[in-house]
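A quick write-up on the structure given underneath.
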Amino acid sequence: MQRLRMHIGGEFVEGVRKGWLPVIDPSTEDTFAEVPAGTAEDVDRAARAARSAFDSGDWPATTAQDRGRLLFKLADRIRAEAPRLAELEARNCGKPIVEAEFDINDTATCFEYYGGLATKVLGHVNPVPDNALSLSLREPVGVAGQIIPWNYPLLMAAWKLAPALAAGCTCVLKPAEQTPLTALELATFFEAVGFPPGVINIVTGDGEGAGAPIVTHPSIDKVAFTGSAAVGKIILRNAADSIKRVTLELGGKSPNIFFADADFEAAIDGALFGVFINQGEVCSAGSRILVEKPIYSKFVEALAAKTKTIRLGAPLDRETKMGPVVSAEQYERVREYQEIGKREARLVAGGGRAEGFKKGFYVQPTIFADVDNSTRIAREEVFGPVAAVIPFEGEANAIRIANDTPYGLAAAVWSRDIFRVMRVVKAVRAGIVWVNHMQPTYVEAPWGGYKQSGFGRELGPWGIEEYLETKQVHINLNEQPIGWY
Ligand code: NDP
């Protein structure tokens, strides 16, 4: 079993307190690594390293071109090591290797995108009514504290690090306690490709021990968080004292809406892909499947039949379509919602532990039909392979149910009627709406939620904006005194 170390100030170090956290393989339940249980002392070391790299040293002197080149070099290393990184990711999270390969490719693409964007941050000349030149300059926000979840560990790290570094920030990143391995592997590339020490720091540990001190540390200027709405609320409260800039990418209970005129085969496929990809551990999972009444019975029958054919298996088996969920805690959570669903609605597929696995956190992909939108199974985020199918009658009813949720991350609508599609797109309160598809996510396009799914946008030019301050510069062109007094 490997004992790994955190990455602070350009070095791999143990925690100050010397505690360790186990890293569990969710398919075998074996501990296959240990990482330091970081504490406030470790966060302090990392924040000081990041502060000093931001305020002095080589980083403030780097040009946007240099920062872009470093991000390209990092992407090259990721691509060169992609098979190893994908295997590590699949083993650590339980996701199928084929999906992990997509994640690693997207991770490299994210660093490449922001490598290019580093030189496209532009200021303005402001048309002020005076004999003056008024400029708006864009400057890095400073030290970014970044806290991420376990469902897409390396990709979430890239979504946070790439725009921050392109903007000229330095970073303290905390991966989820369950899935720290690929972030630590990434750290072996930082100084090797040329990042000055202290620019990127990775602190391992749990939320209380290492996450909370990031939010309150006085040397950290901004917190970027992806995770649950419950923790997002705590972060917002704790960031208030130091008026940190905060961006929150939180959970969802996203509606996937199927009208009767949708292509039936594509619809069934899209409903399954929308909710079961990555074991359903997806913030934008289409976990509320809204189906128009004329096709409802046929739809539920086909969905249940196809769900029963989904191949569960070991993450490293290339035929596996669904692996175990990430942890014992997540397993218990999904099992609990399977039982809640049985009390609230009609179970048509799954509903228990997956058969045929002696060990591992395997749960059956589960479908509940005839779900009422007021029930827990329709309102609470499961973050696992559990879908609630809800019948509706007509467009207005679909929109009302879709919006009847505290969340607003994503939605999808399936229909061949472009007029109806566009009316629904406009009416649904969500940060992302897919039409006749669900889940494709691109670094070039914005990502983020409405309502309790958070605020701020990641990816695209929107992502780098969140790491920039705007400085107004007023240059007086009159050579005379102001002459007021
Ligand atoms: P959590 O909110 O439990 O944890 C997210 C991160 O926050 C982890 O690193 C966690 O540490 C840390 N954390 C926990 N408590 C605190 C605290 N008090 N202060 C600071 N940090 C803390 O979410 P999960 O990891 O369980 O991830 C699932 C959630 O993430 C879902 O709700 C999902 O929808 C959301 N998500 C949203 C995405 C989006 O883009 N909108 C994308 C992906 C996921 P640790 O786990 O180590 O204790």
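Worth pointing out:
- Restricting the first member to region 325-337 and to residues that are touching a residue at least 24 places away in the same chain (Cβ under 8 Å) and within 13 Å of the ligand (Cβ to nearest atom), and the second to residues that are among the aromatic types (Phe, Trp, Tyr) and part of a helix (DSSP H, G or I), the beta-carbon pairs closer than 9 Å and six or more apart or on different chains are Val325/Tyr331.
- Residue in region 475-485 that is among the aliphatic types (A, V, I, L, M), in contact with a helix residue (DSSP H, G or I) (Cβ under 9 Å, 6 or more places away or on another chain), more than 16 Å from the ligand (Cβ to nearest atom) and at pLDDT 95 or above present: no
- Residues that are more than 20 Å from Asn278 (Cα to Cα), part of a strand (DSSP E or B) and in contact with a helix residue (DSSP H, G or I) (Cβ under 7 Å, 6 or more places away or on another chain) within region 373-432 comprise Ile390, Pro391, Phe392, Val413, Trp414, listed in sequence order.
- Checked against (1) over 21 Å from the mean Cα position of the chain (by Cα); (2) open to solvent by less than 60 Å² (accessible area, probe 1.4 Å); (3) touching a residue at least 40 places away in the same chain (Cβ under 8 Å), Thr107 meets all criteria but (1).
- Only one of Gly274, Gly286, Gly270 that is touching a Gly at 6+ places or on another chain (Cβ under 9 Å), within 24 Å of Pro96 (Cα to Cα), part of a loop (DSSP other than H, G, I, E, B) and among the small types (Gly, Ala, Ser): Gly286
- Residue in region 351-360 that is touching a Leu at 6+ places or on another chain (Cβ under 8 Å), closer than 19 Å to Gly94 by Cα, part of a loop (DSSP other than H, G, I, E, B) and open to solvent by less than 70 Å² (accessible area, probe 1.4 Å) present: yes
- Looking only at region 446-470, and only at residues there that are open to solvent by less than 50 Å² (accessible area, probe 1.4 Å) and away from the ligand (no atom under 13 Å from the Cβ), the one that is farthest from the chain's Cα centre (by Cα): Leu468
- With respect to the conditions (1) buried (at least 19 other Cβ atoms within 10 Å of the Cβ); (2) farther than 18 Å from Gly280 by Cα, Val425 lacks only one, and its number is (1).
- Top-ranked residue in region 202-213 [being in contact with a Gly (Cβ under 7 Å, 6 or more places away or on another chain) and of a type outside the set (S, T, N, Q); ranked as farthest from the ligand (Cβ to nearest atom)]: Val203
- For the criterion of being in contact with a Lys or Arg (Cβ under 8 Å, 6 or more places away or on another chain) and either touching a residue at least 24 places away in the same chain (Cβ under 8 Å) or within 26 Å of Arg84 (Cβ to Cβ) (or both), Val172 fails.
- Filter pass, Ala388 being crowded, with 18+ Cβ neighbours inside 10 Å and under 22 Å from the mean Cα position of the chain (by Cα): no
- Verdict on Tyr450 being among the aromatic types (Phe, Trp, Tyr) and over 13 Å from Ala162 (Cβ atoms): yes
- Qualifying residue in region 294-303 (condition: open to solvent by 30 Å² or more (accessible area, probe 1.4 Å), under 22 Å from Val386 (Cα atoms) and aromatic (Phe, Trp, Tyr)): no
- Residue check, Ala64 open to solvent by 10 Å² or more (accessible area, probe 1.4 Å) and either free of Cβ contacts under 8 Å to residues at least 60 places away in the same chain or of a type outside the set (Val, Ile, Thr) (or both): yes
- Residue in region 137-146 that is of a type in the set (A, V, I, L, M), out of contact with any Lys or Arg (no Cβ under 6 Å at 6 or more places or on another chain) and open to solvent by 10 Å² or more (accessible area, probe 1.4 Å) present: no
- Taking region 82-201 as the region of interest, the strands (runs of 3 or more DSSP E) fully inside it that hold 2 or more residues being away from the ligand (no atom under 14 Å from the Cβ) and over 23 Å from Ser52 (Cβ atoms) are 124-126, 132-140.
- Test result for Ala75, of a type in the set (A, V, I, L, M, F, W, C) and within 22 Å of the chain's Cα centre (by Cα): yes
- Boolean, Val128 is surrounded by fewer than 24 Cβ atoms within 10 Å (Cβ to Cβ) and in contact (Cβ under 8 Å) with a residue 60 or more places away in the chain: yes
- Residues of region 221-250 that are buried (at least 19 other Cβ atoms within 10 Å of the Cβ), assigned to a loop (DSSP other than H, G, I, E, B) and near the ligand (Cβ under 6 Å from one of its atoms): Gly227, Leu250.
- Condition check for Leu303: closer than 25 Å to Pro365 by Cβ, away from the ligand (no atom under 16 Å from the Cβ) and in a helix (DSSP H, G or I): yes
- Filter pass, Thr216 being over 12 Å from Ile147 (Cβ atoms), within 11 Å of the ligand (Cβ to nearest atom) and open to solvent by 10 Å² or more (accessible area, probe 1.4 Å): yes
The values are calculated or read from the model by the stated rules, or taken from the named source; none is laboratory data. What you see is a predicted model, and the numbers here were worked out from it, not measured in a lab. Cβ sites come from the backbone with ideal geometry, for glycine too, and all protein chains shown count toward neighbours. We work out accessible area using only protein heavy atoms, side chains counted, and drop any ligands, DNA or RNA first. Shrake-Rupley method; radii C 1.70, N 1.55, O 1.52, S 1.80 Å.
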